[in-house]
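Data block below; observations after.
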Amino acid sequence: MPANILLIADTQTKEGQEWPHLAKLGDFIVRRRPDVIVHIGDHWDMPSLSSYDRGTRKAEGKRVYQDIAAGNAAMDVLLHDLKKLQARQRRNKEKLYKPRMVFCIGNHEERLERHVNANPELHGFLDYSHLNLDDWEVFGYLEVARIEGILFSHYFANPHSGRPIGGTIQNRLNKIKESFVQGHQQTLQFDKAHTLNRVLTGLVAGSFYLHDEGYMGPQGNRQHWRGCVMLNNACEGDYALEEIRLADLMDDRV
């Protein structure tokens, strides 16, 4: 049976933020009740472990425990309405709404593992178990979840270089050769390829946050897309795309 899948793009939460957009998305989940929720990763931004900022003023005062606590608090905001609904349904002995929830570890979460690999004395002390992911089915960094004939991963890597496959959606479909969904890039790209036997779909959606990223500069921040996506009636790799723009969500237009 076809499934409605909510794709949550990169949220990149960090200390000092507020997350009204995550509360709005939590309300959207309760109202729309998708069958599957996929968070494509990079929920914990982990700026304290950024190799790009190390040795610069931007790294001053950053702490790993603060990064983890911020992401955990943001996850609580996202799931608040869902857990409230489920508690009421249990109390009233109603049918429980319990979507399948999949989390794909992104390169920002993977900073934890890279840091431990560089500092082996931390092995067994610092890992993903500190992240508030108990409600999610977790796929490791660059592992692939297959749902309704669609491959989900934070991004898809070139097998020879390990770098993300880039370019147009058609270029990615030619290389991946399956319907796919990824995050990682601050954009929305979507297209289809028709073969003799099936339809292949390609989707990139990589930013669901209110803040600007300093490294992108004023022009880059203005140009990138922000929002989430519904994959309606997903089946055998095909679906009807529904764009949920962040501005519309905040203004209660969806």
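Can you list the residues of segment 197-212 with backbone N under 20 Å from a point 7 Å past the Cα of A240, pointing along Cα to Cβ? It comes to 199-203, nothing else.
Considering only protein heavy atoms and a probe of 1.4 Å, how much of the accessible area of the chain is carbon and sulfur, as a whole percent? The C+S portion of the solvent-accessible surface of the chain is 48 percent. DSSP finds beta bridges in the chain, and of those with both partners inside it, around 55 percent are antiparallel. Charges were assigned to the Cβ only: +1 to each Lys and Arg, -1 to each Asp and Glu. The resulting dipole of segment 125-254 about its Cα centre is roughly 700 debye. Note down the accessible area of F125, probe 1.4 Å, to the nearest 10 Å². Rounded to the nearest 10, the figure is 140 Å².
Counting only aspartates and glutamates at least 8 places from K84 when in the same chain, those with an alpha carbon closer than 16 Å to its own are D27, D76, E94, D135. The dipole here belongs to segment 1-128: it is taken about the Cα centre, uses +1 on the Cβ of Lys and Arg and -1 on the Cβ of Asp and Glu, and is about 840 debye. Largest to smallest in accessible area, the residues L142, L85 fall in the order L142, L85 (1.4 Å probe, all protein chains included).
When volume of the Cα convex hull per residue in Å³ is computed from the coordinates, the matching label among [x] 146; [y] 185; [z] 113 is [x]. Remark: the V144-T168 segment gains 6.6 nm on full extension, using 0.36 nm per residue and subtracting the alpha carbon distance. Largest accessible area first, the residues H108, H80 order themselves as H80, H108 under a 1.4 Å probe with ligands, DNA and RNA left out.
For the listed peptides 126-135, 88-97, 13-22, 162-171, a ranking on the average number of other beta carbons within 10 Å per residue, highest first, reads 13-22, 126-135, 162-171, 88-97. With contributions of -39500 (n - 2.57) from each DSSP H run of at least four residues, the per-residue ellipticity at 222 nm computed over the chain stands at -8500 deg cm²/dmol.
The distance separating the Cα centre of segment 139-210 from that of segment 235-254 comes to 18 Å. Applying 1/(1 + (r/R0)^6) with R0 = 30 Å to the Cβ-Cβ distance of A118 and E213 gives a FRET efficiency near 0.80. A simple spin-label model places pseudo-atoms 7 Å from Cα toward Cβ; at D76 and D127 they are separated by 2.5 nm. Comparing mean-square fluctuations of I176, I37, I105 from a GNM of the chain with C-alpha springs under 10 Å, the top value falls on I176. Considering only A234, I8, S179, and ranking their Cα positions along the charge dipole of the chain that arises from unit charges at the beta-carbon of Lys, Arg, Asp and Glu, the one farthest toward the positive end is A234.
Surface exposure of segment 78-229, expressed per residue as accessible area with a 1.4 Å probe, stands at 55 Å². Placing unit charges on the Cβ atoms only, positive for Lys and Arg and negative for Asp and Glu, gives the chain a dipole magnitude near 420 debye about its Cα centre.
The values are calculated or read from the model by the stated rules, or taken from the named source; none is laboratory data. The shown structure was predicted, so the numbers you read here are calculated from the model rather than taken from an experiment. Ideal geometry is used to build each Cβ from the backbone, glycine not excepted, and the neighbour counts take in all protein chains shown. Protein only, heavy atoms only, side chains kept; ligands, DNA and RNA dropped before computing areas. Shrake-Rupley method; radii C 1.70, N 1.55, O 1.52, S 1.80 Å.
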